[in-house]
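**Q** A single structure is presented below for examination.
The values are calculated or read from the model by the stated rules, or taken from the named source; none is laboratory data. Please read these numbers as outputs of a predicted model, since none were measured by experiment. Every residue, glycine as well, gets a Cβ built from its backbone with ideal geometry; the counts of neighbours run over all protein chains shown.
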Amino acid sequence: MASSAYRNGGVPRGALRAQPSGSNGRQSSSFKSRLAPSSSPGSAVRRSSPASLGGGGGGSFKNQDGVPGRVRVAIRLRPRNAEEMSADADFADCVELQPELKRLKLRKNNWDSDTYEFDEVLTEYASQKRVYEVVAKPVVESVLDGYNGTVMAYGQTGTGKTFTLGRLGEEDTADRGIMVRSMEDILANVSPDTDSISVSYLQLYMEYIQDLLDPSNDNIHIVEDPKTGDVSLPGATHVEINEQQSFLELLRIGEAHRIAANTQLNTESSRSHALLMVHVKRLVTGGEDAPSIENGNSSHFIKPSKPLVRKSKLVIVDLAGSERIHKSGSEGHMLEEAKSINLSLSALGKCINALAENSSHVPVRDSKLTRLLRDSFGGTARTSLVVTIGPSPRHRGETTSTILFGQRAMKVENMLKIKEEFDYKSLSRKLEIQVDKLVAENERLQKDFEDEVERINLEAQNRISEVERNFADALEKEKLKCQMEYMESIKELEEKMVSNQRKHNRDGFFDDKHIEEGLASSVEEASEIKRQLNDEISRRKALEEEVNNLKSRLARCLQPKENGGGEILRLHKDLEDEVLEKKRLEEEVIMLRSQLLQMTLDTDQPRYLDRGAYRDSFNGLNPLTSQDQNPHYRSNGNRQKASAATLSEEVGLQKILSLLESDDANVRIHAVKVVANLAAEEVNQERIVEAGGLTSLLMLLRRYEDETVRRVAAGAIANLAMNEANQELIMVQGGISLLSMTASNAEDPQTLRMVAGAIANLCGNDKLQQKLRTEGGIRALLGTVRCGHPDVLSQVARGIANFAKCESRLATQGIRTGRSFLIEDGALPWIVHNANDEAAPIRRHIELALCHLAQHEVNAKDMVSGGALWELVRISRDCSREDIRNLACKTLNSSQIFRAELRRLRVEY
Ligand code: ADP
Ligand code: MG
């Protein structure tokens, strides 16, 4: 076989070229020659072939001596079509296939069936590819080898003859039928340079042969070579084919011309026989066994001395429907038509019978079909028949006769007829009954199960919605109630505060008793609210537990039903919403709690502010109160811290810090107060900074106008600044400029006190000296003294002392040279002016600062000119603290400049 691929040759459709037909070549063996067994040894062998039935070469027709194999017959069952699905729904198919045994069982009735054997049994699932491979491929191979070959489809209209042979597979390539696949194989195996393929497409209708490629040519004559028996159609169009596309185009044209008359059985039924003839001419360059075409005798082999041309013919016949006339409802012309159709078909049947029975007379001339197929059926031709049947029991008669036709074509009628054993049948019946019972039982159980799942779903859903409703109502009510109570308490407190203030102003003194009463009632209210809030929280917890219970119950209910579908998804969604709602409510509770805490604090606050107890601790600043030595106030301060700590434990520091950025100004104020209280405790300072609290506090300084917020935030920062690690962080995050800005905008002395306290703490850090000064820290500190408030002055003095001490330490270590930054930034006049302040803390800090400054000669001149020398002398004489007194003495003695000045002024020292 030539191996060069020839498909997709790219020849355009226009390349289709009609060719006048000549002789179709001469085949050495003929249909007729087989009629006289004595003259053809091949026919004798053929007739004796039943022994090879079913296993005769697996579809290969190759025979060394040119003796043909018998007609191979495959049976193909069409799947039920839509009409049969409904009309035959309650009936079993009339046939049962056993493809592995190559058997078909035809049901005669409910108890009995006949079994037939075929060369191939193709079920309704057989692919077109497989059908081609078992039915046509061996024939095509034999055609490529130089033999004539025929593939025929026989069967009742609508059973799939055209489907099997003529499908183009344009929508789905897997659907390609035998015609298309044969041509693909042929093109792939011939050589375009030396071989040629041409095609005729004809139909036989009412004993007229019509050219499907030229329908006006409708009475083509059959020419038979009397010597060779070869059949040809000189009048038919022959189209040369170079590539698959032009062949497909040709099939399309031919199909469009086919006459199809409708019958009751199938609206697409074809009442004509369609014949596709593919003529293959191949150049044979070698091969000793190649049959010579040139000498017209294929049984005679010559050794080729020169290239030979080998001619062969593949005929694919789509026979008209085999149904009985009365069934097709034909009348008049249709009746004639049906008769003609059946004439050719019955003639074919008779020829097959005669051949099968080795009859001396084969009635080939009875019909055009048998005449046409004369050289393509039997003899050296390889023939395959595909018998198509439908599954419907309504057409059992036709199906039976079709099967018998196929059997005859295999030469053997009812080749195998197996009677079913009775026992087997009764067992089968019993099993069927049992299966039916089980199916029904299974269906009932399934239904019960689904109902149960549905009921549980519904119940769970109702419970969940009820709980959700109650939960939401209760929460809403409680929230409203808390808000109302909170507003009222605030209002009352404000009123009380105003009236207290008025009274205080009027009386000129603080009426402790009144305030105590007011406070007592406020505290009572606050604790009442707190109690209600706690109640609410426990109610909420109970509801949450119930929701969780229901969730887990629902999950348990849903477990067995794997594909719960939309309902379960919806329930899941509801639960997720519920969780979100819970989260939101939790946040609200946090806010309420912080408000409550603040109310507790607010009830105490007026006392501190009004009392003006501006006393500082050097270690910590309470931005909410001034710390006081009075144990009553101290215990209040402790209470605040304790409450803040409790709140922080209950709610979580992170949540409190997040409230610092709340959009609600009220919440912000409450939160910053809580944070300030926490920051006053050394243990909390690190935690607050780690949790990002410092950043949030600095952000409050930067962003908000409200002075209370800034005061409290600055206080909190001052407390955090007690920790050395935090000091650096404050500086890094721009703390100095924010504190300066806060100080310059502040009205309230307490704000200035907080800022001054914060800077004073920073002043005590050696590492930050330079940066603090560069960023204006000293000037900002000095700026706060403008209010003259002793608390502020005290913080300033502390800051200056801290700074001078660090500077002195660095100068001693040689790290720092040059004049003190304090002197450079103009602090000296204030220092000198306040050096003898009557408040002891201020005085002590300034005295220390002066001593530190005086230790370095580089500051001496400025100190002399600024009047600080006199203060040093005073300190060395009058200071109540001995260590400071000694330090001043030592300093005065060690400085050249001081000593010279004292000498000049004749001060005895
Ligand atoms: P006929 O050869 O008698 O003219 P058709 O080939 O036209 O029958 O088939 C009749 C109908 O059944 C068509 O719609 C066809 O597509 C469908 N059909 C036939 N055989 C098969 C099959 N094996 N698988 C799916 N559909 C089929
Ligand atoms: Mg058809």
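**Q** Just the residues that are modelled with pLDDT of 50 or more and either surrounded by fewer than 23 Cβ atoms within 10 Å (Cβ to Cβ) or over 12 Å from Leu144 (Cα atoms) (or both), please, taken from segment 282-309.
**A** Leu283, Val284, Thr285, Gly286, Lys306, Pro307, Leu308, Val309 - these are the residues of segment 282-309 that are modelled with pLDDT of 50 or more and either surrounded by fewer than 23 Cβ atoms within 10 Å (Cβ to Cβ) or over 12 Å from Leu144 (Cα atoms) (or both).
**Q** Among (1) over 21 Å from Ser246 (Cβ atoms); (2) at pLDDT below 95, where does Glu171 come up short?
**A** Against the list (1) over 21 Å from Ser246 (Cβ atoms); (2) at pLDDT below 95, Glu171 comes up short only on (1).
**Q** Name the pairs whose Cβ atoms lie under 8 Å apart, with the first residue in segment 525-549 and within 30 Å of Ala460 (Cα to Cα), the second at pLDDT 80 or above and among the polar types (S, T, N, Q), and 6 or more positions between them or separate chains?
**A** So the pair list comes out as Leu543/Asn470.
**Q** Okay, next question. Search segment 190-221 for residues being among the hydroxyl-bearing types (Ser, Thr, Tyr) and out of contact with any His (no Cβ under 6 Å at 6 or more places or on another chain), and hand back the single one that is modelled with the lowest pLDDT.
**A** The extreme case among them is Tyr205.
**Q** Here is a follow-up. So Arg819 ticks every box in (1) in a helix (DSSP H, G or I); (2) of a type in the set (Lys, Arg); (3) in contact (Cβ under 8 Å) with a residue 40 or more places away in the chain but one. Which box is left unticked?
**A** (1)
**Q** Among the residues of segment 155-174, write down those that are away from ligand 2 (no atom under 15 Å from the Cβ) and either touching a His at 6+ places or on another chain (Cβ under 7 Å) or not aliphatic (A, V, I, L, M) (or both).
**A** Matches in segment 155-174: Gly169, Glu170, Glu171, Asp172, Thr173.
**Q** Report whether or not Met206 is more than 12 Å from ligand 1 (Cβ to nearest atom) and buried (at least 24 other Cβ atoms within 10 Å of the Cβ).
**A** Answer is no for this residue.
**Q** Suppose we keep only residues that are among the acidic types (Asp, Glu) and within 12 Å of ligand 1 (Cβ to nearest atom) within segment 234-281. Which one would you say is modelled with the lowest pLDDT?
**A** Filtering segment 234-281 for residues that are among the acidic types (Asp, Glu) and within 12 Å of ligand 1 (Cβ to nearest atom), the one modelled with the lowest pLDDT comes out as Glu268.
**Q** Would you tally the residues in segment 688-698 being assigned to a helix (DSSP H, G or I) and crowded, with 16+ Cβ neighbours inside 10 Å?
**A** Of the residues in segment 688-698, the ones assigned to a helix (DSSP H, G or I) are 688-690, 693-698.
Cutting the leftovers down to crowded, with 16+ Cβ neighbours inside 10 Å gives us 688-689, 693-694, 696-698.
Looking only at that region, the number is 7.
**Q** Shifting gears a bit: Sort out which residues of segment 844-867 are part of a helix (DSSP H, G or I), more than 17 Å from Ala811 (Cβ to Cβ) and in contact with a helix residue (DSSP H, G or I) (Cβ under 8 Å, 6 or more places away or on another chain), and write them in order of number.
**A** Selection gives Arg844, His845, Ile846, Glu847, Val864.
**Q** So which residues in segment 175-208 are away from ligand 2 (no atom under 16 Å from the Cβ) and part of a strand (DSSP E or B), if there are any at all?
**A** Within segment 175-208, Ser196, Ile197, Ser198, Val199, Ser200, Tyr208 meet the criteria.
**Q** Could you say whether any residue in segment 212-222 is surrounded by 22 or more Cβ atoms within 10 Å (Cβ to Cβ), within 16 Å of ligand 2 (Cβ to nearest atom) and under 30 Å from Val309 (Cα atoms)?
**A** Yes, there is a match, as at least one residue in segment 212-222 is surrounded by 22 or more Cβ atoms within 10 Å (Cβ to Cβ), within 16 Å of ligand 2 (Cβ to nearest atom) and under 30 Å from Val309 (Cα atoms).
**Q** Please state which of the following conditions Val131 fails to meet, knowing it meets all the rest: (1) within 12 Å of ligand 1 (Cβ to nearest atom); (2) in a loop (DSSP other than H, G, I, E, B); (3) of a type outside the set (Ser, Thr, Tyr).
**A** Unmet for Val131, out of (1) within 12 Å of ligand 1 (Cβ to nearest atom); (2) in a loop (DSSP other than H, G, I, E, B); (3) of a type outside the set (Ser, Thr, Tyr): (2).
**Q** Another question about this same structure. Quick one: is Thr157 within 15 Å of ligand 1 (Cβ to nearest atom), surrounded by 18 or more Cβ atoms within 10 Å (Cβ to Cβ) and among the hydroxyl-bearing types (Ser, Thr, Tyr)?
**A** yes
**Q** Kindly list the number of the only condition in (1) within 15 Å of ligand 1 (Cβ to nearest atom); (2) touching a Leu at 6+ places or on another chain (Cβ under 6 Å); (3) within 19 Å of Asp318 (Cα to Cα) that fails for Gly149.
**A** (1)
**Q** Any residue in segment 748-767 that is in a loop (DSSP other than H, G, I, E, B), in contact with a Lys or Arg (Cβ under 8 Å, 6 or more places away or on another chain) and surrounded by fewer than 22 Cβ atoms within 10 Å (Cβ to Cβ)?
**A** yes
**Q** Another one. Tell me the residue from Tyr116, Tyr147, Tyr125 that is in a loop (DSSP other than H, G, I, E, B), buried (at least 23 other Cβ atoms within 10 Å of the Cβ) and more than 16 Å from ligand 2 (Cβ to nearest atom), please.
**A** Just a single option satisfies the conditions, and that option is Tyr147.
**Q** Output the number of the condition that Pro138 fails; it satisfies all remaining conditions of (1) within 16 Å of ligand 1 (Cβ to nearest atom); (2) surrounded by fewer than 24 Cβ atoms within 10 Å (Cβ to Cβ).
**A** For Pro138, the exception is condition (1).
**Q** Looking at segment 170-179 only, could you name the residues that are surrounded by fewer than 19 Cβ atoms within 10 Å (Cβ to Cβ) and either within 12 Å of ligand 1 (Cβ to nearest atom) or polar (S, T, N, Q) (or both)?
**A** Hits for segment 170-179 are Glu171, Asp172, Thr173, Ala174, Asp175.
**Q** Please determine whether any residue of segment 186-195 is closer than 25 Å to Thr388 by Cα and among the polar types (S, T, N, Q).
**A** No - not one qualifying residue is present in segment 186-195.
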